[in-house]
1. For each of 1, 12, count neighbouring Cβ atoms within 10 Å of the residue's Cβ, then give the residues from fewest to most.
2. Top mean-square fluctuation among 40, 56, 79, Gaussian network model of the chain, C-alpha springs under 10 Å?
3. Dividing the alpha-carbon Rg of region 8-93 by 2.2 N^0.38 Å yields what?
4. Taking 7 Å along the Cα-to-C-beta vector as the label spot, tell me the residue 64-residue 13 distance in nanometres, rounded to one decimal.
5. How much length would be gained if the chain were fully extended between residue 72 and residue 38, taking 0.36 nm per residue of separation minus their Cα-Cα distance, in nm to one decimal?
6. If R0 is 25 Å, what FRET efficiency do you get for residue 26 and residue 85 from their C-beta distance, rounded to 0.05?
């Protein structure tokens, strides 16, 4: 804690059961982290100002997987989207 705000490395368990383990800055996820949603989805990667930002891997509850760049919480930049059915998209993403 710094000035009564989360700062540095920490672990957060929300009342709905979702989990975050990683870096904080000014009470927001910032830096490297792992988020596990209540539906079983997982995101491991970089955060900036509380949003996914930079390289990351998102594993969806339905078996799909995205490996690539994020900007302001959206898929943005180079990435690979692996569909649960075996199909793959390898290319550019823009604003999700």
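Taken together, the values in this text are just the output of simple stated rules run on the coordinates, not laboratory data. Keep in mind that what you see is a predicted model, and the values were worked out from it rather than measured. Here Cβ is always computed from backbone atoms with ideal geometry, including for glycine, and neighbour counts include all displayed protein chains.
1. On the way: 1 10, 12 14.
Listed from fewest to most nearby Cβ atoms, that is 1, 12.
2. 40
3. On the way: Rg = 13.2 Å, N = 86, 2.2 N^0.38 = 12.0 Å.
Compared with the compact-globule rule of thumb, region 8-93 sits at 1.10.
4. It is 3.1 nm.
5. On the way: separation 34, 0.36 × 34 = 12.24 nm, distance 2.20 nm.
Stretched fully, the residue 72-residue 38 segment lengthens by 10.0 nm.
6. Numbers: r = 41 Å, r/R0 = 1.65.
The formula returns an efficiency of 0.05 here.
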